[in-house]
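The values are calculated or read from the model by the stated rules, or taken from the named source; none is laboratory data. Bear in mind the structure is a predicted one, so any value in this text is a computation, not a measurement. Note that we place each Cβ from the backbone using ideal geometry, even for glycine, and neighbour counts take in every protein chain shown. Only protein heavy atoms, including side chains, enter the accessible area calculation; ligands, DNA and RNA are left aside. Shrake-Rupley method; radii C 1.70, N 1.55, O 1.52, S 1.80 Å.
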Amino acid sequence: GAGSVANTPEAGDVEYLAPVTIGGQTVNMDFDSGSSDLWVFNTQLSLNTLSGHMAYNPAQSSTFQLLPGSTFSISYGDGSGAAGNVGTDTVNIGGATVTGQAIELATDVSTSFVTDTQSTGLIGLAFSKLNTVKPVQQKTFFDNALATLPEPVFTADLRHNAAGTYEFGAIDSTKFSGPLAWTPVNTTSGFWQFTSQAFAVGGGAPSTSVPGGQAIADTGTTLMLADQSVVDGYYSQVQGAVNNATVGGVTFPCSATLPDLQIDVGGTMATVRGDDINFAPVDQTGTTCFGGLQATTVQPQIYGDIFFKSNFVAFNGGNNSLGVAPH
Ligand SMILES: Cc1nn(C)c(C)c1CC(=O)Nc1ccccn1
C-alpha cells in the first residue's frame with residue numbers, strides 16, 4: 001500500500017529527516033534522491049561514534065538476516081562517506097512496506113555524519129544501479145516497493161523551516177498548485193537526471209545556453225549547485241554579491257532583496273523563490289549571508305533542497321519521469 005511520512009528540516013534546512021521503521025525499530029533518516037544506498041548507524045559502531053545518535057540494533061530484530069560476505073562503501077560528492085557490512089530486514093515507511101530490504105550497517109562513518117546526531121543514516125532513492133553493495137548489488141527501497149505501490153511514484157514536499165511530507169505510491173494534489181509539469185528522466189547516470197538548459201532572473205529574458213544543460217533532483221543535497229553561467233547571471237542582479245573565497249561561495253548583504261530564479265526543468269520553467277536563495281548568515285552578526293545557489297564545476301548540476309522548497313516533485317519510477325509544480 002501507499003505510505004506517507006512527515007519530514008522535518010534540521011536547523012537551517014540543512015537536511016530533511018523522516019521516520020523509517022526497520023525490523024520494528026523506528027529511526028529518523030535522511031531521504032536522498034541523489035544516492036542509492038540505505039545505510040544506518042548501528043550497534044557495531046563505537047560508543048563515541050554513536051554518541052547522541054539513534055541506532056539500529058540488528059540483534060533486537062527478529063526479521064534481520066545477515067548477508068554473509070556482503071559489504072558497502074559509499075562516497076558522496078562533498079567528500080563524506082560510510083562503509084560497512086550488510087543484512088536484510090523489513091522496512092516500513094508510513095505504511096509502505098518492503099520485506100528483505102538491504103540494510104547497510106556502517107562500521108565506519110565520516111565526521112560530518114558523526115556530528116549530525118539527528119540523522120541515523122540515509123535512505124537512497126536514486127536508481128539501484130548506483131548501489132555500492134558487493135559482491136551482489138542491492139535494490140533501493142523504492143525499487144523494491146514499486147510493484148506493490150498503488151502508483152509507481154514517490155513525492156517530495158520539502159518546506160522552509162516547516163514540516164513537509166514524503167509519500168510513496170500516491171500523488172497528493174492538495175500539496176501543490178496547478179498541473180504537474182512532467183519531464184523524461186535520463187537514467188543512464190543512475191540519478192533522476194533531466195535537461196536544464198535555460199534560466200532567467202526576476203522574470204527577465206531567459207538565457208538558453210547553459211553548458212552541459214543537465215541537472216539532477218537531489219533531496220540529499222542542501223543547496224542548489226548550478227553551472228557558473230547561472231550563478232554569475234543570477235548574482236549579477238544582487239547588489240553587493242561577491243564570491244567570498246573565505247566562506248567558500250557567493251555571499252551578499254543579508255539586507256539584499258533576492259530576485260526569483262526561473263530555471264528550466266525539461267522544457268518548463270520552474271521558479272525558485274528569491275527568499276529561499278538567502279540561505280543563512282555566515283556569522284552571528286547577521287550582516288553577510290550565504291547564497292543557496294552556488295556554482296558546481298562538475299556536471300550534472302545538482303538541484304537540492306533550495307529547489308525543493310519552492311517546488312513539489314513527483315518521481316515516477318513507472319515511466320522514469322519527474323513531475324514538478326510550485327508549492
Ligand atoms: C555538496 C556536493 N558537492 N558536490 C561536488 C556534490 C556532488 C555534492 C552533492 C553531495 O555530496 N550530496 C550529498 C552529500 C552527502 C550525502 C548525500 N548527498
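Scanning residues 5 or more positions from T71 or on other chains, those with amide H under 5 Å from its amide H are K134, with H placed 1.01 Å from N in the peptide plane.
At a threshold of 8 angstrom on Cα-Cα distance, excluding pairs fewer than six apart, so keeping six or more, what relative contact order does the chain reach in percent? Can you show the working numbers first?
Values: 867 pairs, mean separation 62.2, N = 327.
Computed over the chain, the figure is 19 percent.
Rounded, prolate or oblate, given the Cα gyration tensor of segment 1-148, with a/c below 1.5 counting as rounded? It comes out rounded by the Cα gyration axes. Derived scalar couplings between HN and Hα for segment 99-109 equal 9, x, 6, 5, 10, 8, 9, 5, 10, 8, 9 Hz in order, rounded to whole Hz, by the Karplus curve 6.51 cos²θ - 1.76 cosθ + 1.60 (θ = phi - 60°), x for Gly and Pro.
The share of Cα pairs per 10 Å bin across segment 220-317, counted from zero up to the longest distance, runs 15, 51, 27, 6, 1 percent. Between amide H atoms placed 1.01 Å from N, distances below 5 Å from N244 occur with G249, V250, T251, all of them 5 or more places distant or on a separate chain. Residues in segment 37-50 carry Karplus couplings, in order, of 10, 9, 10, 9, 4, 8, 6, 6, 7, 5, 4, 4, 5, 6 Hz; the curve used is 6.51 cos²θ - 1.76 cosθ + 1.60 with θ = phi - 60°, and Gly or Pro positions show x.
Might you tell me the accessible area per residue for segment 155-311, computed with a 1.4 Å probe and given in Å²? Intermediate results must be reported in sequence, preceding the final value.
Values: 6540 Å² over 157 residues.
Spelled out: the 1.4 Å probe surface of segment 155-311, per residue, equals 42 Å².
Over segment 64-122, Cα pairs under 8 Å with separation of 6+ residues give a relative contact order of 30 percent. Look at where the Cα atoms of segment 261-327 and of segment 192-251 average out, and the two centres are 9 Å apart.
Assuming charge only on the beta carbon of Lys and Arg (+1) and of Asp and Glu (-1), the dipole of the chain about its Cα centre is about 360 debye to the nearest 20.
At full extension, N57 and T111 could sit 17.3 nm farther apart than now, given 0.36 nm per residue minus the alpha carbon distance.
Whole-Hz Karplus values for segment 231-246 come out as 5, 5, x, 5, 6, 5, 9, 10, 4, x, 6, 9, 7, 9, 4, 4 Hz, taken residue by residue from phi with 6.51 cos²θ - 1.76 cosθ + 1.60 and θ = phi - 60°; glycine and proline positions read x.
Annotation: amide H of S321 within the under-5 Å range of V185, N316, sequence separation 5 or more or interchain, hydrogens built in the peptide plane. Scaled against 2.2 N^0.38 Å for its residue count N, the alpha carbon radius of gyration of the chain is 0.98.
Mean residue ellipticity at 222 nm, helices only, the chain: -2000 deg cm²/dmol; runs of at least 4 DSSP H residues each add -39,500 (n - 2.57), and the sum is divided by the number of residues. With every protein chain in place and a 1.4 angstrom probe, the accessible-area ranking of L180, L38, largest first, reads L180, L38.
How do H53, H160 stack up against each other in accessible area, from largest to smallest, with a 1.4 angstrom probe?
On the way: H53 25, H160 115 Å².
I get H160, H53, largest accessible area first.
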